[in-house]
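The values are calculated or read from the model by the stated rules, or taken from the named source; none is laboratory data. Everything numeric in this text was worked out from a predicted model, so none of it was measured. For neighbour counting, all protein chains shown are included, and Cβ atoms are generated from backbone atoms with ideal geometry for every residue, glycine included. What goes into the accessible areas is simple: the full protein's heavy atoms, side chains included, and nothing from ligands, DNA or RNA. Shrake-Rupley method; radii C 1.70, N 1.55, O 1.52, S 1.80 Å.
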Amino acid sequence: MGDGKISRRELLRLAGAGGAGLTLGAGGYAAIRGTADAAAVPGSSTVPFFGRNQGGIATTQQEHMHFAALDLITDDAAEVRDLFRAWTEAGARMAQGDPAGDENYSQFLPPEDTGEAFDLHPANLTLTFGIGPSIFEKDGEDSLGLAGTKPEALAPLPPLTGDVLDEARSDGDLCVQACADDPQVAFHAVRNLVRIARGIAVVRWSQLGFGRTASTSKTQSTPRNLMGLKDGTNNIKSEDTDLMGRFVWVPDGEGPSWMAGGTYLVARRIRMLIEVWDRVSLSEQETSIGRHKYSGAPIGKENEFAPVDLSAKDENGEPLIAEDAHVRLARQNEDERILRRGYSFTDGFDAERGQLDAGLFFISFQRDPLRQFVPLQQRLAANDRLNEYIRHTASALFAIPPGPREGGYVGEDLFRGI
Amino acid sequence: MGHPVPTIAALLCLLILLAGCGRPVVTNERAAESTDETTGETTSPNVESSPELEKAADAYEVYVADQMVLMDKHTKQFTDAVIAGDLERAKELYAPAREPWERIESIAAQLGDYDPEIDAREGDVPDDEWGGFHRIEKSLWVGGTTNGQEKYARKLAEDVDSLRGEIGGLELEPADLVIGSVELLNEVSAGKITGEEERYSHTDLYDIQANVEGSEAAFEELEPEIAEKDPMLVEDVEKGFEGVYKELEQYRQGDGWVSYEELAESDRRALSQKVDALAEPLSQAGQVLEKG
Ligand code: HEM
């Protein structure tokens with residue numbers, strides 16, 4: 001029933017076996033798929049899964065995210081390759097709004113797909129698969145035999161000022177980033193991919209993100225992060241294909257060939273000290289970031305998209321944008337630009353401190369983390385006025401291979417020799 | 001046990017046979033009597049039935065009966081120690097007495113009201129009805145005494161004895177093996193891994209090992225049939241069992257196991273993920289029941 005339709009015979013069989021719930025679910029699903037008119041039904045549009053680049057990077061940023069990092073429990077590279085094959089197959093189906101696998105109607109087996117997305121729209125689901133530095137070397141060993149193909153750009157991030165990182169929520173051998181405009185669609189995708197990985201990889205940590213903190217397209221409005229600030233104004237936008245080429249995509253001939261058309265993902269779980277921030281005056285909030293809170297405009301300007309002029313002075317000759325303001329430090333070097341694509345998160349309540357455990361799950365994509373993210377973050381960590389209100393609590397780095405070609409699979413060029 | 005299973009649910013299950021209710025298709029005389037002729041035969045038209053599968057079910061019946069004999073014997077030794085007021089000996093005999101039960105729990109817990117009588121945890125049933133293993137466990141470990149436990153010990157020995165009698169009349173279907181093998185692992189994932197089952201004695205590793213052994217026993221009976229349909233699956237499942245046993249092995253101590261309290265959160269997580277890695281392929285074993 002790969003085409004999403006149920007034959008009459010199957011229907012009868014289901015009814016006979018008392019599987020009415022399932023019939024309804026799948027029927028509803030088939031009905032939606034059958035009449036889907038991408039323009040008319042909100043959420044029914046899809047993002048292509050195959051192509052030069054993986055989805056979830058240049059894709060107009062969706063509203064929700066579920067991110068999972070996994071650790072391998074095998075040292076057989078062929079098993080890892082097979083996992084990527086299976087993930088690609090299931091990912092392509094789910095991106096179309098189809099179940100993760102062919103439905104079975106056996107009463108003796110668990111359903112192939114877990115089912116919670118049956119009646120939901122595809123919601124622009126994208127899946128972005130990544131490979132961590134540790135698959136090339138763990139505890140000094142190259143157990144998969146892939147070390148020869150490790151990109152230099154995938155060197156583990158050096159220790160960064162101010163980092164107090166929770167190891168259990170950092171790093172990982174593999175990652176899956178699922179983004180969608182429906183949180184249940186994103187959850188469903190990760191759940192089924194993790195299930196497919198059972199016996200080969202186990203979840204190391206995962207993070208839910210509930211609202212985008214960037215815009216990645218000129219067609220999008222700028223969202224606000226949990227500090228109440230417009231975030232993403234000066235982000236790279238996917239329409240700027242030359243900026244994307246210069247700062248995001250790995251070009252042919254840079255590093256190992258399996259990364260051409262790929263990129264690198266940095267994830268930072270940044271806790272906001274919400275209670276502290278909420279007690280800070282508007283003026284201090286604006287000074288810290290270098291922009292006005294309500295309009296999002298650079299200090300002294302009215303329009304959100306007015307250019308940031310770092311040399312502008314007030315009547316006393318003081319810089320309008322403070323020396324330690326976030327945006328000043330963040331844009332000091334034109335060669336360090338990154339594509340930001342983060343999400344707000346909360347993990348509930350921190351019982352120890354009696355405070356909200358919430359913040360920004362920062363994600364950035366860049367062609368070379370060591371030349372972009374690292375110096376940028378080093379500068380921010382050293383001087384950013386925002387540091388009083390945030391703590392980096394976890395960190396991870398992944399290589400994101402290029403998109404799969406139709407009939408191929410993610411990471412194909414890496415695993416080809418196996 | 002997870003929670004006491006009301007008999008009515010089990011009976012309903014028999015009625016709507018294989019209709020997705022997910023409980024074993026146990027037919028014993030007692031159940032058959034109370035549901036009249038509707039449940040006489042349990043093979044629905046969609047279920048594959050072959051002499052080989054029937055043989056597997058018969059062999060597993062023998063396994064269940066053997067475990068029941070063991071349980072009867074070990075429980076008696078345990079309850080005798082309790083009645084004799086021998087605290088140390090009672091504590092020693094507690095976990096081993098439970099092992100056979102844990103091996104066949106998915107089947108034994110379906111019979112009558114024995115499960116809540118024998119295996120209820122504190123809070124599963126009203127306190128004035130609470131007896132069985134865990135009531136005595138609490139007294140031995142928390143109270144540090146056998147005092148006042150004689151009546152629970154007597155009742156437990158009686159219940160186990162009559163359960164053994166009833167198991168004799170049990171007729172299992174191949175579906176019971178399929179469902180039971182996964183259910184025993186689900187017991188581990190849902191209740192044991194957190195340490196809540198043996199919350200006073202911390203003897204959870206005895207239960208976990210026994211659950212896995214029981215699951216394997218059911219799988220082994222089905223294995224030739226599964227191998228015929230899907231040899232890869234057999235390989236995956238065997239690898240899964242090996243992984244779980246290997247993970248457990250590090251916690252052996254003498255004839256038994258270390259206290260579950262000695263396992264750090266990361267140790268419990270590693271064990272839990274090994275069980276998941278096994279249960280996932282094992283849950284595909286149901287294909288042997290598929291016609292064709
Ligand atoms: C919780 C932590 C953070 C908050 C609340 C935050 C907030 C903001 C805000 C409100 C803006 C201005 C709007 C915009 O242009 O998007 C901004 C800009 C920016 N941020 Fe952050 N940010 C955080 C962490 C980071 C980190 C860790 C990095 C990189 C290492 C970073 C890099 C940038 C960059 C490159 C810009 C654009 C500057 C420009 O070109 O004008 N931010 N951030």
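Near the amide H of A:ASP357, within less than 5 Å, lie the amide hydrogens of A:ASP347, A:GLY348, A:PHE349, A:ASP350, all on another chain or at least 5 residues away, with H placed in the peptide plane.
Cross-link partners for A:LYS237 among the lysines, with Cα-Cα distance under 26 Å and sequence neighbours closer than 8 places in the same chain left out: A:LYS218, A:LYS293, A:LYS301.
Think of each Lys and Arg Cβ as +1 and each Asp and Glu Cβ as -1; about the Cα centre, that makes the dipole of the range A:42-415 roughly 680 debye.
Going by the alpha-carbon gyration tensor, a ≥ b ≥ c the square roots of its eigenvalues, is the range B:167-255 rounded (a/c under 1.5) or, if a/c is not under 1.5, prolate (a/b greater than b/c) versus oblate?
oblate
Derived scalar couplings between HN and Hα for the range A:271-287 equal 6, 9, 7, 4, 4, 5, 4, 5, 9, 8, 5, 4, 4, 5, 4, 5, 4 Hz in order, rounded to whole Hz, by the Karplus curve 6.51 cos²θ - 1.76 cosθ + 1.60 (θ = phi - 60°), x for Gly and Pro. Close amide H contacts of A:GLU112 (hydrogens built in the peptide plane, cut-off under 5 Å, sequence separation of 5 or more or a different chain): A:ASN104. Per residue, the range B:45-289 exposes 40 Å² of accessible surface when a 1.4 Å probe is rolled over the protein heavy atoms with every protein chain present. Close amide H partners of A:VAL248, meaning residues 5 or more places away or on another chain with modelled amide H under 5 Å apart, are A:ARG367. For the range A:370-386, the Karplus equation 6.51 cos²θ - 1.76 cosθ + 1.60, evaluated at θ = phi - 60°, returns couplings of 5, 9, 10, 4, 4, x, 4, 5, 4, 5, 5, 4, 6, 10, 4, 4, 5 Hz by residue, with Gly and Pro reported as x.
Given +1 at the Cβ of Lys and Arg, -1 at the Cβ of Asp and Glu and no other charges, the dipole of the range B:167-266 around its Cα centre is 300 debye to the nearest 20. Think of a 1.4 Å ball rolled over the protein heavy atoms: the range A:42-415 then has 40 Å² of accessible area per residue. What's the carbon and sulfur percent of chain A's accessible surface, probe 1.4 angstrom, rounded to a whole number? For chain A, the apolar C and S fraction of the accessible surface comes to 50 percent. Chain A packed on chain B takes about 1400 Å² of accessible surface away from a 1.4 Å probe, both sides summed.
With contacts taken as Cα pairs under 8 Å at a separation of at least 6 residues, chain A carries a relative contact order of 23 percent.
Our coupling estimate for the range B:266-279, obtained by passing each phi through the Karplus curve with A = 6.51, B = -1.76, C = 1.60 and θ = phi - 60°, is 5, 5, 5, 5, 4, 5, 4, 6, 5, 5, 4, 5, 7, 5 Hz, Gly and Pro reported as x. When the convex hull of its Cα atoms is viewed from all sides, chain A shows a mean projected area of 22.6 nm².
Placing one equal scatterer on every Cα of the range B:45-289 and applying the Debye formula, the log10 ratio I(q)/I(0) at q = 0.10 Å⁻¹ is -0.49. Alpha carbon centre of the range A:270-310 versus the range B:236-289: separation in Å? For the range A:270-310 versus the range B:236-289, the Cα centre distance is 52 Å. Derived value for the range A:356-405: Kirkwood hydrodynamic radius 13.2 Å. Basis is the mean of 1/r over every pair of different alpha-carbon atoms. Along its first, second and third principal axes, ordered by size, the protein assembly as shown spans 95, 62, 47 Å in Cα coordinates. Which pairs, out of B:LYS76/B:LYS239; B:LYS55/B:LYS274; B:LYS55/B:LYS155; B:LYS76/B:LYS274; A:LYS138/B:LYS246, put more than 27 Å between their alpha-carbon atoms? Checking Cα-Cα distances, B:LYS76/B:LYS239; B:LYS55/B:LYS274; B:LYS55/B:LYS155; B:LYS76/B:LYS274 exceed 27 Å. Legend: residues in the range A:182-227 shielded by at least 20 square angstrom of accessible surface upon adding the remaining protein chains to the isolated chain (1.4 Å probe, heavy atoms) are A:ARG195, A:ARG198, A:GLY199, A:VAL202, A:VAL203, A:ARG204.
Remark: the protein assembly as shown carries a charge dipole of roughly 3520 debye about the Cα centre, counting +1 on each Lys and Arg Cβ and -1 on each Asp and Glu Cβ. Remark: the range A:73-163 projects, on average over all directions, an area of 9.8 nm² (convex hull of Cα atoms).
Counting only other chain Cβ atoms within 10 Å of each residue's Cβ, the peptide B:267-274 averages 2. Here is how the number arises for the protein assembly as shown: DSSP H runs of 4 or more residues each give -39500 (n - 2.57), the sum is divided by the residue count, and the result at 222 nm is -12500 deg cm²/dmol.
Rounded, prolate or oblate: which fits the range B:145-217 when a ≥ b ≥ c are the square roots of the eigenvalues of the alpha-carbon gyration tensor, with rounded for a/c under 1.5 and prolate only if a/b beats b/c? Oblate.
Comparing mean-square fluctuations of A:GLY342, A:GLY359, A:GLY148 from a GNM of chain A with C-alpha springs under 10 Å, the top value falls on A:GLY148. Cα centroids of the range A:98-117 and the range A:356-415: 35 Å apart. By a 1.4 Å probe calculation restricted to protein chains, B:ARG103 has an accessible surface near 40 Å², given to the nearest 10. The range A:41-64 and the range A:135-155 have Cα centres spaced 30 Å apart.
In the range B:185-292, Cα pairs under 8 Å separated by at least six residues give a relative contact order of 38 percent.
Carbon-plus-sulfur accessible fraction, the range B:45-289 (probe radius 1.4 Å, protein heavy atoms only): 46%.
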